[in-house]
1. Given the criterion over 23 Å from Val247 (Cβ atoms) and surrounded by 14 or more Cβ atoms within 10 Å (Cβ to Cβ), identify the matching residue among Ala294, Ala310.
2. Looking at Ser288, is it assigned by TED's automatic domain parsing to the domain that holds Ala229, within 30 Å of Lys141 (Cα to Cα), exposed (fewer than 15 other Cβ atoms within 10 Å of the Cβ) and at pLDDT 85 or above?
3. Does segment 56-66 contain any residue that is among the small types (Gly, Ala, Ser), modelled with pLDDT under 70 and either more than 22 Å from Asp330 (Cα to Cα) or not assigned by TED's automatic domain parsing to the domain that holds Ala259 (or both)?
4. Taking the options Arg184, Arg155, Arg123, name whichever one is on the phi < 0 side of the Ramachandran plot and either touching a residue at least 60 places away in the same chain (Cβ under 8 Å) or assigned by TED's automatic domain parsing to the domain that holds Met322 (or both).
5. Give me the pairs: first residue in segment 81-96 and within 16 Å of Val111 (Cα to Cα), second residue among the acidic types (Asp, Glu), beta-carbon distance under 8 Å, and six or more apart or on different chains, which are they?
6. Name, by its number, the condition in (1) over 19 Å from Gly240 (Cα atoms); (2) over 20 Å from the mean Cα position of the chain (by Cα) that does not hold for Gly304.
7. Condition test on Arg251, is it at negative phi, modelled with pLDDT under 85, of a type in the set (Lys, Arg) and not in a strand (DSSP E or B)?
8. Is there any pair with a first residue in segment 317-337 that is more than 12 Å from Ala270 (Cβ to Cβ) and a second that is hydroxyl-bearing (Ser, Thr, Tyr) and surrounded by 15 or more Cβ atoms within 10 Å (Cβ to Cβ) whose Cβ atoms are under 7 Å apart and which are 6 or more apart or on different chains, and what are they?
Amino acid sequence: MSIPFPVNTAPRPAAVPLERGRRGADDGPIIRLAALRAPLVVKLFGANLLVVALLVVALIRWTVVPVGPLLGVAAAVVALHLVLVLVALRPIRDLENAASRVWRGDFGARVARSAFADRDVVRVGAMFNTLLDGLVSDRAKMRALATEVIAVGDRERAALARELHDSTAQRMAALLMQLSAAARDARDPALAARLEAARDAAAELTEEVRLLSHTLHPRVLDDLGLVPALEKLARDTAAGSGIRIDVNAPRGVSLPHGAASVLYRVAQEAVRNAVRHAGPRRITLVVSVDESTARLQVRDDGAGFDLAAADRRRGGMGLLSMRERVALVDGQLHIATAPGSGTTLVATVPMATDDVDFRRVE
């Protein structure tokens, strides 16, 4: 026999917004503690000013000292107090400035020794510098590991691309020739038709293998450089998608292999993302080079996207991979996009990029 549990049918109280409830409960303490949240220099100076004001009032009330000179002395004392407070708090401002520089990405910032700092502030600054040294060391190790991971991946892709091009594609070409000869010599029309269909399928498969080989590692990048590799990327992508892709670059430009490899991979990923997700009618690749840097701009007129949302998703590994590649050579990557307004990507890398030989196969 089941016993029914009582059901509470009383109306539920209306929900009170959490922020409003907290604010209403804390109005008093917030107002009372507002002065305590003022900057330290304001609190110290205010305390000194209050003491001096009380002293001046007491002297005026209980002595016969003239008011004018007394106020002048009080003003001088207040000014001296202000100078001393600012000098005493300078080491704390140095700590704040160092922390701000680190927050902006300057990991070489350190807290300098100050003649005005007491023992506790000196200890805090030394600990801050120790933490920064450890952070820089860990970043260097992570960077070396990421560099090696990317280099190993590129070498493996190069080896696989070479195997596809030199072995698999050649065997497919031989099979294609045999099928063509068999179809030509066949006497049975039905058999000849089937051989011709097999020959066409082998031809398509051979072209796919060659395209896959180029996608894994473009030989033209090693042989002719960045600009011809980008032009071939534009031709192959346009032929398969119907999108107009233009390459604007100076002729005869020569880039170190490390810089050329990074810019090509960025262009490849950017074009692939645009074709897959943005639906553009036109993509433009612009290469410019000066004495110290090489710059690649990839611009499309597609749908655009929410950059912040893409960064939060795990699916945005393409953006992460482009940023990581550019950062590993001390370059910069800027992306400007918004839903409905297309995307512009700019990668800038130094010409003095270390030449990591991605072509070497271990």
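1. Ala310
2. Here the answer is no, as Ser288 does not meet what is asked.
3. Within segment 56-66, one or more residues are among the small types (Gly, Ala, Ser), modelled with pLDDT under 70 and either more than 22 Å from Asp330 (Cα to Cα) or not assigned by TED's automatic domain parsing to the domain that holds Ala259 (or both).
4. After applying the criteria, what remains is Arg155.
5. Pro91/Asp118
6. Failing condition for Gly304: (2).
7. yes
8. Leu328/Thr147; Val329/Thr353; Gly331/Thr348; Gln332/Thr348; Ala336/Thr344
The values are calculated or read from the model by the stated rules, or taken from the named source; none is laboratory data. Source: prediction; values computed, not measured. In this analysis, Cβ positions are derived from the backbone assuming ideal geometry, glycine residues included, and neighbour counts consider all displayed protein chains.
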